[in-house]
Amino acid sequence: MSDTSASPGRRPVVTPTRVVAALCLIAPFVGMLWVGSYGKVEPTLIGIPFFYWYQMLWVPISAVLTSVAYVLVRRERRERKGGDSA
């Protein structure tokens with residue numbers, strides 16, 4: 001999706017809110033792609049090896065981080081449009 005508030009030929013503005021939202025969206029990728037950090041058996045959690053429960057822990061973490069990014073971007077867009085409710 002493109003930002004409709006920007007005029008043609010101009011690049012979108014990078015704001016601290018967008019940077020935080022981007023970090024929230026990138027964190028799960030980094031956490032899951034760095035296999036060396038969790039490619040082990042110990043510590044176990046109720047008999048489940050670390051390798052498995054670490055990956056499953058990222059499911060709710062990713063959902064929360066995605067929600068945070070969505071709320072931040074939605075709030076910023078609302079403020080840029082002049083406070084209209086979306």
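The values are calculated or read from the model by the stated rules, or taken from the named source; none is laboratory data. In this text, all values refer to a predicted model and were calculated from it rather than measured experimentally. Cβ: placed from backbone, ideal geometry, glycine included. Neighbour counts: every protein chain shown. Heads up: the accessible areas ignore ligands, DNA and RNA and are worked out on the full protein's heavy atoms, side chains in. Shrake-Rupley method; radii C 1.70, N 1.55, O 1.52, S 1.80 Å.
Here are some notes:
- DSSP-loop trypsin sites (Lys or Arg not before Pro) across segment 42-86, with at most 13 other Cβ within 10 angstrom: Lys81
- For segment 13-86, the solvent-accessible area works out to 74 Å² per residue, with a probe of 1.4 Å and every protein chain left in place.
- Within segment 17-82, chymotrypsin sites (Phe, Trp or Tyr not before Pro) in DSSP loop having at most 10 other beta-carbon neighbours inside 10 Å: Trp34
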